Amino acid sequence: MESVKNKKINLPNNFIMKLIKTAYTFYFKYIKYHKYEFGKDFYAGLNVRLWAKTTMKFGNSVYIGRNSLIQTNCIVGDFVLFGERVAIIGRHDHDFLQVGVPISIANKIRDIDSPLSSSITYIGNDVWLGFGVIVLGGVNIADGCIIAAGSIVTKDLEPYSIYAGAPAKKIKKRFNSERLELLHRSNVKDMLH
């Protein structure tokens, strides 16, 4: 009879990966970033970093790709996809107008008593931010937007539109007919409730 010591336990690779992802997500949501709000089916890839002075909320079914950074107050809707290396950064993180004080030691938004404030960045439902997108703090990315890889978002974006470039400019509507857009909106709305 074969000894228990030499017996191998064969677990399927997908079971092991699912277990690792579950443990990582638990650590991410409930230990490392416990002061922020996360919806159901939230996932963050490796090396995702978060910081907000006051507000950070994520809706349901949000996926944040590896090496992404959110470093400003932010509210993210449902069904949002961040590619890898996406950055949402503050617009006024350093007080460069402080006379007689070098920027590197001037008031910073992270300082407890800082007079600097950070407006909230809003990312709507059903949004996809491609690889390497940079979003400046305080903008509103409306529902249904797609932002091409490498784009820099500096102002509010219209719903159900595709943007690209630095700064990001509207390329076209996401759907080629109003009927398709309304059908899509209706289906997504049903999924939100």
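Pop a pseudo-label 7 angstrom from the Cα along the beta-carbon direction at both residue 27 and residue 67 and give the gap in nm to one decimal.
So the two model labels end up 2.0 nm from each other.
Using only the C-alpha atoms of region 86-193, find the volume of their convex hull and express it per residue in Å³.
Roughly 117 Å³ of hull volume per residue.
Excluding residues fewer than 8 places away in the same chain, name every one of the lysines whose C-alpha is closer than 30 Å to that of residue 155.
29, 35, 40, 53, 57, 108, 169, 170, 172, 173, 189
Based on the Cα atoms of region 20-92, what semi-axes does the equivalent ellipsoid have, where each is the square root of 5 times one gyration tensor eigenvalue, given in whole Å with the largest first?
So the equivalent ellipsoid measures 17, 13, 12 Å along its semi-axes.
Dipole of region 14-159, Cα-centred, from +1 at each Lys and Arg C-beta and -1 at each Asp and Glu C-beta, to the nearest 20 debye?
Dipole magnitude for region 14-159 comes out near 580 debye.
Stick to Cα atoms and the Kirkwood definition of Rh, then tell me Rg/Rh for the chain.
Reported Rg/Rh (Cα atoms, Kirkwood Rh): 1.10.
Using a Förster distance of 45 Å, how high is the FRET efficiency between residue 16 and residue 189, based on the Cβ-Cβ distance and rounded to 0.05?
The calculated FRET efficiency here is 0.75.
Could you please state how large a percent of the accessible area of region 26-166 is carbon and sulfur, counting protein chains only and using a 1.4 Å probe?
57
How do 184, 94 rank by accessible surface area computed with a 1.4 Å probe, from largest to smallest?
I get 94, 184, largest accessible area first.
How far is helix 13-27 tilted off the main Cα axis of the chain, in degrees rounded to 10, range 0 to 90?
40
Angle between the Cα long axis of helix 178-192 and the longest principal axis of the chain, 0 to 90 degrees, nearest 10?
60
Under 14 Å from the Cβ of residue 79, count the other residues' Cβ atoms, weight Lys and Arg +1, Asp and Glu -1, and hand me the total.
Here the count lands on -1.
So between residue 158 and residue 175, what do we pick up on full extension, going 0.36 nm a residue minus the alpha carbon distance?
4.8 nm
Suppose each label sits 7 Å from its Cα in the direction of the beta carbon; what would the residue 49-residue 97 distance come out to in nanometres?
So the two model labels end up 2.8 nm from each other.
What number comes out for the charge environment of residue 68, summing +1 per Lys or Arg and -1 per Asp or Glu over other residues with Cβ under 14 Å away?
Summing Lys and Arg as +1 and Asp and Glu as -1 gives +2.
The values are calculated or read from the model by the stated rules, or taken from the named source; none is laboratory data. Predicted model only: the values in this text are computed from it and were never measured. All Cβ positions, glycine included, derive from the backbone under ideal geometry; neighbour counts span all protein chains shown. The protein model used for the area step is the full one, side chains on, heavy atoms only, and it has no ligands, DNA or RNA in it. Shrake-Rupley method; radii C 1.70, N 1.55, O 1.52, S 1.80 Å.
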